[in-house]
Amino acid sequence: MTYLFEGAFKKWKQNLIFITISIIFWLIEFSYQQSFLGNNDLGISVLRASAFTGITFISFALLSSIIFKFRPALAKHWDIRRNFGVIGFIFIAIHVLTATNILFMGNIANALFILDPFQNPVIFGLIAYPLLFIIAITSTDWAVKKLGGKWKRVQQLVYFVYFLSVFHFLLVNPPAIMNLAGYLVMLLIVLVLIGELYFFYLVSKQRQFKNKSLYVGILIIALYIIIAYFAYFS
């Protein structure tokens, strides 16, 4: 158990500060959602605050990863990226549990009333969540050592998870994201996508566009374009 969370124990002060800041951020989100909704529905405010906080933190995790790629000297602070990702997952888990209890009467199967993700964007979230869970539980020091070279491939699932999360966020209730919290998330999404695309281009160019990840990158880009087309123009 000690080795499982060895990194967390070594930097417990830093992690405690990070957790405190995360809780404060969530409380600000909660207060803002209460104000935006203009009612006393605490459950919906918890649901929304957790969703916004979760995707904000996961976006920050990906942004920090992009920064580390462009500035390798900063990669020694990789645990910050892990903190953003793990805390982001925790808030997403709260969002899922709250949504299950409030919107689907405690039975997640009730969310499957329509399997078409364009009519029921919850489907995007339901696909993303178990993958995000896998990424989160393999973020421990024990998992890093146990998985070896496979660890990086598991963590790369985050790009597909983010793709699903973005469309879940944008499509599930569009009017609900037309506020400051939503604009912040949309700005972060744009920054993440631009950063990923630019780094992907630089790496592919350096390898004369012959690297295997080229095809994965093209697939993800194509998925964004195709899903966006069907979501907004079909």
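Each reported figure results from applying straightforward, stated rules to the coordinates on display, with no laboratory input. Nothing here was measured: the structure is a model prediction, and the numbers come from that model. Here the Cβ is made from the backbone with ideal geometry for all residues, glycine too, and neighbour counts use every protein chain on show.
Here are the numbers for the structure shown:
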read-out: Principal axis dimensions, largest first and in whole angstrom, of the range 98-234 by Cα; value: 49, 40, 30
read-out: Relative contact order of the range 5-173, pairs being alpha-carbon contacts under 8 Å that are 6 or more residues apart, as %; value: 20
read-out: Phi-based couplings in Hz for the range 113-122 (Karplus 6.51, -1.76, 1.60; Gly and Pro marked x); value: 5, 9, 8, 6, x, 7, 8, 9, x, 4
read-out: Spatial separation of Cα centroids for the range 10-53 and the range 136-155, in angstrom; value: 28
read-out: Whole-Hz couplings from phi, Karplus 6.51/-1.76/1.60, listed for the range 133-143; x for Gly and Pro; value: 4, 4, 4, 5, 6, 9, 9, 6, 4, 4, 5
read-out: Value of D in µm² per second that Stokes-Einstein yields for the range 22-133, Kirkwood Rh from Cα pairs, at 20 °C (1.002 mPa s); value: 140
read-out: Cα gyration tensor category, rounded, prolate or oblate, for the range 161-206 with a/c compared to 1.5; value: prolate
read-out: FRET efficiency for Phe70 and Leu16, using Cβ-Cβ distance with R0 set to 35 Å, rounded to 0.05; value: 0.75
read-out: Estimated distance in nm for a label pair at Tyr229 and His77, the labels positioned 7 Å out from Cα along Cα-to-Cβ; value: 4.1
read-out: Peptides 65-77, 182-194 ordered by average Cβ neighbours within 10 Å, highest first; value: 182-194, 65-77
read-out: Answer label, with Cα Rg over 2.2 N^0.38 Å calculated from the coordinates and candidates (i) 1.36; (ii) 1.29; (iii) 1.05; value: (iii)
read-out: For the chain: lysine pairs under 16 Å (alpha-carbon distance), excluding those fewer than 8 apart on one chain; value: 6
